[in-house]
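Asks: Pasting in a structure now, in structure tokens, and then I'll have a few things to ask.
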Amino acid sequence: MKLSKHGKDILASVENITPFGVWLLVKEKEYFLSYEVFPYFKEQTLNSIQNVKLLHGRHLYWPELDVDLEIDNIEKTLFYS
């Protein structure tokens, strides 16, 4: 997670982890990343999934998983799934 300068706004966070996928909140917009479409989150620890960073405003990075996802690619993948 990345906090704003004043510590008030969380820019990216994992809101829920289910048996089917991961719910993300990025800049007040929700995304559901199913394990079927995003298998790299399945079988991972809660801490490693929750440790997400928003870089450059459009790039999500999970350092413990070495997973990088662009918001645009997530939106395109979810739109065409």
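The values are calculated or read from the model by the stated rules, or taken from the named source; none is laboratory data. Owing to the predicted nature of the structure, the values given are computational and were not obtained by experimental measurement. Backbone-built Cβ (ideal geometry, glycine too); neighbour counts: all protein chains shown. For accessibility, only protein heavy atoms count, side chains too; no ligands or nucleic acids. Shrake-Rupley method; radii C 1.70, N 1.55, O 1.52, S 1.80 Å.
Asks: Need pairs with beta-carbon distance below 9 Å; first residue over 13 Å from ALA12 (Cα atoms) and within the range 61-73, second open to solvent by 70 Å² or more (accessible area, probe 1.4 Å) and not in a helix (DSSP H, G or I); sequence gap 6+ or separate chains.
Replies: The qualifying pairs are PRO63/LYS53; GLU64/GLN44; GLU64/THR45; LEU65/GLN44; ASP72/ARG58.
Asks: Consider only pairs whose beta carbons are under 6 Å apart and that are at least six residues apart or on different chains; among these, list those whose first residue lies in the range 42-57 and is assigned to a strand (DSSP E or B) and whose second residue is among the aromatic types (Phe, Trp, Tyr).
Replies: Close Cβ pairs satisfying both conditions: LYS53/TYR61; LEU55/TYR61.
Asks: Go through the range 21-51 and report how many residues are of a type outside the set (Phe, Trp, Tyr) and open to solvent by 90 Å² or more (accessible area, probe 1.4 Å).
Replies: Residues of the range 21-51 of a type outside the set (Phe, Trp, Tyr): 21-22, 24-30, 33-34, 36-37, 39, 42-51.
Now drop any that are not open to solvent by 90 Å² or more (accessible area, probe 1.4 Å), which leaves 27-30, 36, 42-43, 46-47.
Of the residues in that region, 9 qualify.
Asks: Further question: Within the range 37-75, count every residue that is in contact with a strand residue (DSSP E or B) (Cβ under 9 Å, 6 or more places away or on another chain) and not aliphatic (A, V, I, L, M).
Replies: At the first step, the residues of the range 37-75 found to be in contact with a strand residue (DSSP E or B) (Cβ under 9 Å, 6 or more places away or on another chain) are 37-38, 40-42, 44, 46, 48-55, 58-63, 67-71, 74-75.
The next check asks that each one be not aliphatic (A, V, I, L, M); those that pass are 38, 40-42, 44, 48, 50-51, 53, 58-59, 61-63, 68, 70, 75.
Total satisfying the criteria: 17.
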